[in-house]
Amino acid sequence: MSNLLEIQGVSKKYDKTQALNDVTLSIAPGHIIGLLGPNGSGKTTLIKILCGLLQPDSGTVLIDDNPVGPKSKAVVSYLPDKTYLDEDMKVEAVVAMFKYFYDDFDENRANEMLASLKIDPKSKLKTLSKGNKEKVQLMLVMSRRAKLYILDEPIAGVDPAARDYILRTIISNFDSSASLIIATHLISDIEPVLDEAIFLQDGSIKLFKSVDDIRAEHGKSVDELFREVYRC
């Protein structure tokens, strides 16, 4: 089975700042990967390159054997770290919009999640709590039958109960033939669901290993190793 994601020698520079420096990695289907690093480590730049929102200065990216473009975008479901929906829209209108734009959008799955959340589809987004807005955005992303899910800080700024729901939603709607990349600072919260972890530092990969190997080789959790590696 070929890898779902292949990144070879990707670099990106902003003026004099090297955001990414010769990043190379491969991700197979069926994996949940934590993309970890402090602010300025290159996480968001890498994510935007994978989603076709930025062009690398050098290197190549293949997603499902396709270069970044219309074919790769059709199999990537992306949750950005900032709200992008019109808050005057009703939830049901946003669901209809996603159904219109994405051939792989599963409306039944979306409605089941809304019911479990006890969110009225006729509610306007601006009337929802912050946690429920986050859940609606995640519901939209996870209702696609995508091959690669990319979640940028999906549990930041929400309460612990909302975090638990979000993680349960990710796991229960994750297809074993797909892969999922989660960028986050809240490592202890997501560590139980991770298969692998990528540590980014100053635009370079410092470590890319399975969570089990990290625990076996270092004798500590991913969160503990992260705190040690990035100690100020």
TODO: Could you check the range 1-41 for strands (runs of 3 or more DSSP E) lying wholly inside it with 1 or more residues that are more than 23 Å from Ser179 (Cβ to Cβ) and β-branched (Val, Ile, Thr)?
DONE: 17-27
- [ ] Residue by residue through the range 69-83, note down the ones that are out of contact with any Pro (no Cβ under 7 Å at 6 or more places or on another chain), touching a residue at least 24 places away in the same chain (Cβ under 8 Å) and not acidic (Asp, Glu).
- [x] Ala74, Val75, Val76, Ser77, Tyr78, Pro80, Thr83
TODO: Would you point out which residue out of Asp64, Asp106, Asp81 is within 24 Å of Ala19 (Cβ to Cβ), surrounded by 15 or more Cβ atoms within 10 Å (Cβ to Cβ) and among the acidic types (Asp, Glu)?
DONE: Asp81
Task: Residue check for Asp175: among the acidic types (Asp, Glu), in a loop (DSSP other than H, G, I, E, B) and open to solvent by 40 Å² or more (accessible area, probe 1.4 Å) - done: yes
TODO: Could you tell me which residue of the range 84-103 is surrounded by the fewest Cβ atoms within 10 Å (Cβ to Cβ), considering only residues that are over 18 Å from Asp175 (Cα atoms) and charged (D, E, K, R)?
DONE: Asp88
Open item on the list: Can you go through Ile119, Ile150, Ile182 and tell me which one is touching a Cys at 6+ places or on another chain (Cβ under 7 Å) and of a type outside the set (D, E, K, R)?
Closed with: Ile150
Task: All positions within the range 141-162 that are part of a helix (DSSP H, G or I) and without any contact (Cβ under 8 Å) to a residue 60 or more places away in the chain - done: Pro160, Ala161, Ala162
- [ ] Out of Ile63, Ile27, Ile49, Ile32, report the one residue that is in contact with a Phe, Trp or Tyr (Cβ under 9 Å, 6 or more places away or on another chain), of a type outside the set (Asp, Glu) and within 21 Å of Lys147 (Cα to Cα).
- [x] Ile32
Task: Lone unmet requirement of (1) surrounded by fewer than 16 Cβ atoms within 10 Å (Cβ to Cβ); (2) among the basic types (Lys, Arg); (3) touching a Pro at 6+ places or on another chain (Cβ under 8 Å) for Lys16 - done: (3)
Open item on the list: Residue under question is Leu151, and the condition is that it be more than 25 Å from Ala115 (Cβ to Cβ), at pLDDT 90 or above and aliphatic (A, V, I, L, M); does it hold?
Closed with: no
- [ ] Could you tell me whether the range 144-157 includes any residue that is more than 30 Å from Leu25 (Cβ to Cβ) and surrounded by 20 or more Cβ atoms within 10 Å (Cβ to Cβ)?
- [x] no
- [ ] Filter the range 42-61 down to residues that are outside any helix (DSSP H, G or I) and of a type in the set (Val, Ile, Thr) and give me whichever is least open to solvent (accessible area, probe 1.4 Å).
- [x] Val61
Open item on the list: So Asp120 ticks every box in (1) touching a helix residue (DSSP H, G or I) at 6+ places or on another chain (Cβ under 9 Å); (2) assigned to a helix (DSSP H, G or I) but one. Which box is left unticked?
Closed with: (2)
TODO: Determine the pairs where a residue that is hydroxyl-bearing (Ser, Thr, Tyr), located within the range 49-68, has a partner that is open to solvent by 70 Å² or more (accessible area, probe 1.4 Å) with Cβ atoms under 9 Å apart, the partner being 6 or more residues away or on another chain.
DONE: Ser58/Asp22; Thr60/Gln8; Thr60/Pro67
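The values are calculated or read from the model by the stated rules, or taken from the named source; none is laboratory data. Source: prediction; values computed, not measured. Every residue, glycine among them, receives a Cβ derived from its backbone with ideal geometry; neighbour counts consider all protein chains shown. SASA here: full protein model, heavy atoms, side chains in, ligands and nucleic acids out. Shrake-Rupley method; radii C 1.70, N 1.55, O 1.52, S 1.80 Å.
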